[in-house]
Amino acid sequence: MPRERDPDEPKIYFLPNLMTACNLACGFFAVLMIFKGLIEVQKMSGDLAPSAKQYYEISRHYYEYAILLIFGSCLFDLLDGRLARLGGQESPFGQEFDSLADIISFGMAPAMLLSKAVLFPLGNIGWAIALIYLVCGAMRLARFNCLAALPKKPGASSDFRGLPIPMAAGFIASLTFLLIDLYQKNDKDLDLGAWKYILAGAMLGLSLLMISDIRYPSFKKVDWRTRGTLGAIVIAVLLIFATIQFRYVMPVVLFSAFLLYGFVRPWISQRLRKEIEVENDGDEESPTDQTKEV
């Protein structure tokens, strides 16, 4: 006879949690690629300190793989929440599993990537900035879980408080992706110059944004039943085409646009905001998502 299910056993739904597991796997392999790049640099340079050009020549491909894996984590993180909501399979287990996966994929992996791919000339300062980012990302996830556990009030907003950690990770990965492309087109010895200081400041800014009270849309109401206009469809197609055509530039533009949207959002009219965020006046508040750290 089949064993009777323990009523205290958490519900584990297969497809949403499979997507979360894929998110975690991408994060794990991204960290692994960064470590492999560091090992290759040590093997090739021996006891001599490599120049910036030698460092990038040896490790560039590993960092590119790590960036693509972080983008893959973003995709799987998007899918697990959508699948959970479409199938009515939200669960506390899924929410906690998602947060644990996110701290690896969107916390540890981007922190290591930027500290070793761009901020390596800063030495221990680069590591300290990466650590601040990681701690703020963990605090962001912990606050989200605490707020999600509270009873839902009627008419409560579904907005995110603070920048979602996948968006912060996507911004870091896309900017590093662009810098690697610029390096490939530069035949001279690479000089990061002011870039390393700009990116150090940007990473600190992202850290503060994650634990801030700035509101960002969650896009929870966007699903297969969401109504759209012909203009919106045309714009979406053009964006997809532009992203494929200008794959090194467009990810930075898209993640930057979302990041800045939180600042200008309070000054946008309610009607225009609803159109941008694909919301309808008649929509009901969505139930708590399994993994809405998107």
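Each residue in the stretch 75-94 was checked for being closer than 23 Å to Glu9 by Cα and crowded, with 24+ Cβ neighbours inside 10 Å, and 4 of them qualify. Applying a threshold of 9 Å to beta carbon distances and a minimum spacing of six or more residues, or different chains, the list of pairs starting in the stretch 23-36 at a residue that is more than 19 Å from Gln95 (Cβ to Cβ) and ending at one that is at pLDDT below 95 and of a type in the set (D, E, K, R) reads Met33/Glu64; Ile34/Lys116.
In the stretch 256-278, the residue that is modelled with the highest pLDDT out of those that are within 30 Å of Leu100 (Cβ to Cβ) and outside any helix (DSSP H, G or I) is Glu277.
Among all residues of the stretch 246-255, there is at least one that is under 24 Å from Phe76 (Cα atoms), at pLDDT 90 or above, out of contact with any strand residue (DSSP E or B) (no Cβ under 9 Å at 6 or more places or on another chain) and aromatic (Phe, Trp, Tyr).
For Arg215, the conditions (1) touching a strand residue (DSSP E or B) at 6+ places or on another chain (Cβ under 7 Å); (2) of a type outside the set (Phe, Trp, Tyr); (3) modelled with pLDDT under 90 are fulfilled apart from (3).
In the stretch 60-84, the residues that are among the polar types (S, T, N, Q) form Cβ pairs under 6 Å with partners that are buried (at least 23 other Cβ atoms within 10 Å of the Cβ) and assigned to a helix (DSSP H, G or I), at six or more places apart or across chains, as follows: Ser73/Asn23; Ser73/Cys26; Ser73/Gly27; Ser73/Ser105.
The values are calculated or read from the model by the stated rules, or taken from the named source; none is laboratory data. All values derive from a computational prediction rather than experimental measurement. Ideal geometry is used to build each Cβ from the backbone, glycine not excepted, and the neighbour counts take in all protein chains shown.
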